[in-house]
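Okay, so here's the structure we're looking at.
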Amino acid sequence: MSSAESKESRDGKERSPFFELYDLRVEVMAPPGAQLLCGARPGDWFELRGEMLYLPPDQGFSIYSLAALLLLLPAKQRVLDPYDWMYSDSDVACPDPNCPSTFRITRLGKRRFERSATTATPVPILLK
């Protein structure tokens with residue numbers, strides 16, 4: 001929770017039932033002529049929109065490469081402090097130590113979500 005969000009909660013101000021996340025594009029990067037061992041080709045990509053993953057037709061993506069990215073993607077979707085390393089660091093190494101590829105995470109536009117459409121859990125009440 002950002003300091004602005006926590007201040008609003010402490011002050012008792014009612015917040016909007018909406019939140020925003022960035023859509024992300026993850027693209028395979030590699031040195032020219034490199035042999036990639038993960039089955040990817042430089043320029044392969046997928047997009048994350050909310051919680052949904054989208055790949056272009058006829059393109060796959062290694063589950064091992066995806067596993068290396070999955071824990072980072074929800075953090076990259078959120079608004080971050082510019083001093084947070086997650087804000088600036090966007091390249092992730094292939095999990096195979098013998099593969100020279102990296103995966104570049106790029107923020108696209110923001111998408112707005114209604115809380116009630118994403119969870120059945122009520123908003124927690126914070127004590128003052």
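The values are calculated or read from the model by the stated rules, or taken from the named source; none is laboratory data. Just so you know, these numbers come straight off a predicted model, no measurement behind them. Glycine gets a Cβ as well: all are built from the backbone with ideal geometry, and neighbour counts include every protein chain shown. We work out accessible area using only protein heavy atoms, side chains counted, and drop any ligands, DNA or RNA first. Shrake-Rupley method; radii C 1.70, N 1.55, O 1.52, S 1.80 Å.
When you look at Leu108, is it of a type outside the set (Lys, Arg), in contact (Cβ under 8 Å) with a residue 60 or more places away in the chain, under 23 Å from Ala40 (Cα atoms) and not in a loop (DSSP other than H, G, I, E, B), yes or no? Yes, satisfied. Restricted to region 75-105, and to residues that are under 11 Å from Tyr22 (Cα atoms) and open to solvent by 60 Å² or more (accessible area, probe 1.4 Å), which residue is farthest from the chain's Cα centre (by Cα)? Checked region 75-105; the qualifying residue farthest from the chain's Cα centre (by Cα) is Val79. Scanning region 7-25 for any residue that is over 24 Å from Phe113 (Cα atoms), among the aliphatic types (A, V, I, L, M) and either in a loop (DSSP other than H, G, I, E, B) or modelled with pLDDT of 90 or more (or both) turns up nothing.
The set of residues in region 75-97 that are of a type in the set (S, T, N, Q) and at pLDDT below 90 contains only Ser88. Look at Tyr54 and say whether it is under 17 Å from Leu108 (Cβ atoms) and open to solvent by 70 Å² or more (accessible area, probe 1.4 Å). Considered against the rule, which asks whether it is under 17 Å from Leu108 (Cβ atoms) and open to solvent by 70 Å² or more (accessible area, probe 1.4 Å), Tyr54 comes out as yes. Among the residues of region 57-74, the one identified as of a type in the set (S, T, N, Q), surrounded by 15 or more Cβ atoms within 10 Å (Cβ to Cβ) and not in a helix (DSSP H, G or I) is Ser62.
Evaluated against (1) modelled with pLDDT of 85 or more; (2) exposed (fewer than 15 other Cβ atoms within 10 Å of the Cβ); (3) of a type outside the set (Ser, Thr, Tyr), Lys128 falls short on exactly one condition, (1).
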